[in-house]
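Participant: I have a structure here, written as structure tokens, and I will follow up with some questions on it.
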Amino acid sequence: MRIADAQVFVCSPGRNFVTLKLTTDEGLTGLGDATLNGRELAVASYLSDHVCPLLIGREAERIEDTWQYLYKGAYWRRGPVTMAAIAAVDVALWDIKGKAAGMPVYDLLGGAVRDRVLVYGHANGRDVRALLDAVAMYRDQGYEAIRVQAGVPGLASTYGVSADRMFYEPADAARPTENEWSTERYLASTPPVLEAVREAVGPDVHLLHDVHHRLTPIEAAALGKRLEEVRLFWLEDPVPAELQDSLRIVRQHTVTPLAIGEVFNSIWDCEQLIREQLIDYIRTSVSHTGGISHLRKLYALAEVYNVRSGAHGATDLSPVSLAAALHLDIATSNFGIQEYMRHTAETDAAFPHEYRFEDGHLIPGSAPGLGVEFDEGSVERHPYNPAYLPVNRRRDGTMHSW
Ligand code: KDG
Ligand code: MG
């Protein structure tokens, strides 16, 4: 069975998505997600101009060989654009292989090791009261794990906190929105807020918090130490991700579990973090880390070092990515948790899917392949709408992480 056609679709049903569709000479189709928030067209061009022409005529069954061909054959390795493009091809080929075999992808990956996937939702509020309302809403929906983010008093806006409770979309403008940042204010206001949430929900709900790479190692160490009594499930992205050694400093000072990696795009971005057991959860995603083929190698390395998965699953990862993540999660023994930021009804309509939410968990369904379709009419109905993630400036005007 050979790849006969490769099409790239860019559309914006609620937000921008780049979708790859591969069709074989036997008429089977497979989908991959190539969305890179705020840089969508770069991946679309990488695929259409440089990858799709190379795929035509290749054997669709040879997933690993195609991965190596695109990764090594490019000469220029890694990077988010390259790895998102390779991921889309890889996931589409797994989808095709599942359909050809009449099996869900998780069966091709060794079979399910659990019946469902624990997920966490995003509660946020400008202040403690609004945050507690949002947490209660997630509890009412059955979530057992909730990420909690609050506004910082004295700052007009904070990345990660929005008025829209259910469908938070940070890429909100054709030129990046500018947020203001104060580490001092954040460090002063955050611990009491998280303590109040723990007090309100009791001991049995998993609470998570995302720092969005904003602290220095020693500031992150102090925050982790201060939050130990809150018993977070994890403290995410406490420091910028580029320097893996930074996590050693944080680790030396606190037993608060650490998660990092949503911006990583290969095993080499976190090899030291895993090997030295500097983190507890790795946040890499199928769509930004070279697809199922690469991510399962990364998870296998993590398993050796007692690091568990906690895959990124924000709304900028399309339902195709989410389905791929669920198939891998359910077949991975060192799975930890899956992020699940709900898509809007428009997005769900553009990508009809088998997976479903039940009692704080997601279930991938047992359709052959990934169990996701794409409505190509979305391209005309919902054209691309340039949107960028916000930027963050310190109060003295200098740029800061998000
Ligand atoms: O595109 C950026 C978002 O995916 C990111 O801000 C979400 O930090 C995030 C998270 O943990 O979901
Ligand atoms: Mg994050």
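The values are calculated or read from the model by the stated rules, or taken from the named source; none is laboratory data. Since the model is a prediction, treat every value here as computed from it, not as a measurement. Cβ placement follows ideal geometry from the backbone for every residue including glycine, while neighbour counts extend to all protein chains displayed. Quick note on the areas: whole protein, heavy atoms, side chains included, nothing else; ligands and nucleic acids left out. Shrake-Rupley method; radii C 1.70, N 1.55, O 1.52, S 1.80 Å.
Participant: Mind checking the dipole of the chain: about its Cα centre, +1 per Lys or Arg Cβ, -1 per Asp or Glu Cβ, Debye to the nearest 20?
Facilitator: Here the chain has a charge dipole of around 760 debye.
Participant: Can you list, bin by bin at 10 Å, the percent of alpha carbon pairs in the stretch 1-62, starting at 0?
Facilitator: Spelled out per bin, shortest first, that is 23, 49, 24, 4.
Participant: For residue 182 and residue 137, what is the calculated FRET efficiency with R₀ set at 30 Å and r taken between the beta-carbons, to the nearest 0.05? Don't jump to the answer; show the numbers that get you there.
Facilitator: Values: r = 29 Å, r/R0 = 0.95.
That gives a FRET efficiency of 0.55.
Participant: Positive end of the charge dipole of the chain (Lys, Arg +1 and Asp, Glu -1 on Cβ, about the Cα centre): tell me which of 398, 338, 353 has its Cα farthest that way.
Facilitator: Going by the charge dipole, the pick is 398.
Participant: So for the pair residue 41, residue 391, with labels modelled 7 Å out along Cα→Cβ, what separation do we get in nm?
Facilitator: 1.9 nm
Participant: Quick one: length gained pulling residue 54 to residue 126 fully straight, 0.36 nm per residue minus the C-alpha distance? If you can, show how the numbers build up before the last one.
Facilitator: Values: separation 72, 0.36 × 72 = 25.92 nm, distance 4.92 nm.
Length gained between residue 54 and residue 126: 21.0 nm.
Participant: So if I place +1 on the C-beta of Lys and Arg and -1 on the C-beta of Asp and Glu, and nothing else carries charge, what would the dipole magnitude of the stretch 13-142 be about its Cα centre? I want it in debye, nearest 20.
Facilitator: In total the dipole reaches around 440 debye.
Participant: Let me ask something else about it. Under the 0.36 nm per residue contour assumption, what length would be gained going from the current alpha-carbon distance of residue 253 and residue 204 to full extension? Can you show the working numbers first?
Facilitator: Working: separation 49, 0.36 × 49 = 17.64 nm, distance 2.54 nm.
15.1 nm is the gain from fully extending residue 253 to residue 204.
Participant: Right, another one. Ignoring any ligand, DNA or RNA, what whole percent of the accessible area of the chain comes from carbon and sulfur when the probe is 1.4 angstrom? If you can, show how the numbers build up before the last one.
Facilitator: Numbers: 7890 of 15680 Å².
Reported share for carbon and sulfur atoms: 50 percent.
Participant: Any idea how far apart residue 216 and residue 75 come out in nm if each label point goes 7 Å out from Cα toward Cβ?
Facilitator: The answer from the label model is 4.2 nm.
Participant: Just tell me which aspartates and glutamates come within less than 18 Å, Cα to Cα, of residue 297; anything on the same chain fewer than 8 places away is out.
Facilitator: Those aspartates and glutamates meeting the cut-off are 64, 65, 90, 107, 262, 269, 271, 276, 280, 329.
Participant: Next question, about the same structure. For the stretch 227-235, just list the computed ³J(HN,Hα) in residue order, Karplus coefficients 6.51, -1.76 and 1.60, θ = phi - 60°, integers in Hz, with x standing in for Gly and Pro.
Facilitator: Per residue, the Karplus-derived 3J(HN,Hα) values read 8, 4, 5, 6, 6, 5, 5, 7, 10 Hz.
Participant: Please work out the C-alpha center-to-center distance from the stretch 261-286 to the stretch 366-402 and express it in whole Å.
Facilitator: Measuring centre to centre over Cα atoms gives 23 Å.
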